[in-house]
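Heads up: the structure comes next, in structure tokens.
The values are calculated or read from the model by the stated rules, or taken from the named source; none is laboratory data. From a predicted model like this one, the values you see are computed outputs, not experimental measurements. Cβ placement follows ideal geometry from the backbone for every residue including glycine, while neighbour counts extend to all protein chains displayed. Surface accessibility is based on the protein's heavy atoms, side chains included, excluding ligands, DNA and RNA. Shrake-Rupley method; radii C 1.70, N 1.55, O 1.52, S 1.80 Å.
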Amino acid sequence: MSPTSQFSSLPNDIAWQVLARVPKCKYPLLACVSKNFTYLVRSPEIHKIRSLLGKDSLYISFRNKNDRSQNPRWYTLRRAENNPSENQFVVSVNLALPNHYHRMPSIVAHGPEIFFICGPFFQSPSFWVFDSRTGELRRGPTMNANRTYKSVGVVGRKLYVVGGVRSNENVAESFDLTTETWEPAPIPKEEKTWLASATVSLDRKVCALMLVGAYTVCYDTGDGSCESFALPEDKWWKTGVCVMENVLYVYYARFGLMWYDTELRVWRVVNGLSDVKKVRSVGMAEYYGKVALLWKEHGGCGKEIWCRMIAMGKCEEGVKGTAESAQLLGSVPDGYRMDNCLSVSD
């Protein structure tokens, strides 16, 4: 009997206890082993166990919109130690990069680490890594090329950086997360500025939601080919974007929460969320198998930060959301705008 067969013969409650202690970044690989593994790593039960273990958290940054030269203020959202069903919103570590040329970097999270790819408005090959387990911010290996504008995403065990060195010239390179080395990646076959408001990883591609124009361009990390699809004509904020179980979600001020149907190549509204109030400038990220939707409201002192957890499920119409009650997390100073909302997991 193979090790996989032996593991599959275990009762589900024991298998979940084991898999809950495996790094979450390994789950996509485990889901490819068999249908049983797919069921185990996508079941709500494993997220309940991870919640009790305190495995996952969100890192949220706010920037003073009246003084963008300042470093952002970072907070974390994690389960309360004495009550795993409640969330705590607390001030986190100082993630200020040491040089002013490093401000406003491209940021992406994978597993327990957050990566800062410097730029985008100054040419810089600098690269920094924050380890949420130790609280250490370290300088990583220098990239091979300077870029002004860039899009970033993690596909498999590599972090990809796509961007421009000069006008009309795009390049790409990848950072191997195991060997911690940079190497060339396939050159994008479509000339784009890659000046994106948000970047996500979808279908093993790096997809940039463009700052100018209502469209998304996806870079295939295998051969450098690019394809584009339209975005709805409405306002959205760069933190109101996330991918969960390979489905792209974007929150729009007018339509609410929408998802992109990659088979039909159309945008569709998530059903079942009529009681979720329409808000602006939201943040979204996966949190224990649900979409965490954060937004701000004016309070008595500063801006109140609210959150609703939304469970996603398939239905005849496509995707249905079930929202939990809203929870007041805390407050931030007036003038602060949400700048990043990242899912970090051990």
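Tabulated data for the structure shown
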item	result
Top-ranked residue in the stretch 1-49 [being closer than 23 Å to Lys314 by Cα and of a type in the set (D, E, K, R); ranked as modelled with the highest pLDDT]	Glu45
Enumeration of residues in the stretch 230-245 that are part of a strand (DSSP E or B) and either open to solvent by 70 Å² or more (accessible area, probe 1.4 Å) or of a type in the set (Val, Ile, Thr) (or both)	Val241, Val243
Cβ pairs under 9 Å, 6+ apart, first in the stretch 1-25 and over 19 Å from Glu286 (Cα atoms), second of a type in the set (S, T, N, Q) and open to solvent by 60 Å² or more (accessible area, probe 1.4 Å)	Met1/Ser9
Top-ranked residue in the stretch 1-29 [being buried (at least 17 other Cβ atoms within 10 Å of the Cβ) and within 21 Å of the chain's Cα centre (by Cα); ranked as nearest to Asp56 (Cα to Cα)]	Lys24
Pairs where the first residue, in the stretch 123-142, is under 13 Å from Glu113 (Cα atoms) and of a type in the set (Asp, Glu) and the second is at pLDDT 90 or above and buried (at least 16 other Cβ atoms within 10 Å of the Cβ), C-beta under 6 Å, 6+ apart	Asp131/Glu113
Meets criteria (open to solvent by 30 Å² or more (accessible area, probe 1.4 Å) and touching a residue at least 40 places away in the same chain (Cβ under 8 Å)) for Glu304	no
Any pair with Cβ under 6 angstrom, 6 or more apart, that starts in the stretch 150-163 at a residue that is in the same structural domain as Cys226 (by the TED database) and free of Cβ contacts under 8 Å to residues at least 12 places away in the same chain and ends at one that is surrounded by 24 or more Cβ atoms within 10 Å (Cβ to Cβ) and assigned to a strand (DSSP E or B)	none
Extreme residue, least open to solvent (accessible area, probe 1.4 Å), among residues of the stretch 307-326 that are among the charged types (D, E, K, R) and in contact with a strand residue (DSSP E or B) (Cβ under 9 Å, 6 or more places away or on another chain)	Arg308
Residue within the stretch 268-279 that is within 16 Å of Leu328 (Cα to Cα), open to solvent by 70 Å² or more (accessible area, probe 1.4 Å) and more than 16 Å from the chain's Cα centre (by Cα) present	yes
Candidate set from the stretch 91-109 (those that are open to solvent by 50 Å² or more (accessible area, probe 1.4 Å) and outside any loop (DSSP other than H, G, I, E, B)); member that is modelled with the highest pLDDT	Val91
Residues of the stretch 56-78 that turn out to be surrounded by fewer than 19 Cβ atoms within 10 Å (Cβ to Cβ), outside any strand (DSSP E or B) and of a type outside the set (Asp, Glu), as a count	6
Residue in the stretch 281-300 that is more than 30 Å from Gly111 (Cβ to Cβ), surrounded by 15 or more Cβ atoms within 10 Å (Cβ to Cβ), in contact (Cβ under 8 Å) with a residue 12 or more places away in the chain and not polar (S, T, N, Q) present	yes
Residues located in the stretch 204-229, provided they are touching an Asp or Glu at 6+ places or on another chain (Cβ under 9 Å), closer than 18 Å to Ser174 by Cβ and open to solvent by 10 Å² or more (accessible area, probe 1.4 Å)	Arg204, Lys205, Asp220, Ser225, Cys226
Subset tally (residues that are under 23 Å from Ala80 (Cα atoms) and touching a Leu at 6+ places or on another chain (Cβ under 8 Å)) for the stretch 310-342	6
Any hit, the stretch 147-155, residues being part of a loop (DSSP other than H, G, I, E, B), surrounded by fewer than 17 Cβ atoms within 10 Å (Cβ to Cβ) and at pLDDT below 95	no
Ala198 being closer than 23 Å to Val344 by Cβ, of a type in the set (A, V, I, L, M) and in a strand (DSSP E or B)	yes
Filter result for the condition that a residue is small (Gly, Ala, Ser) and at positive phi, over Ser228, Ser281	Ser281
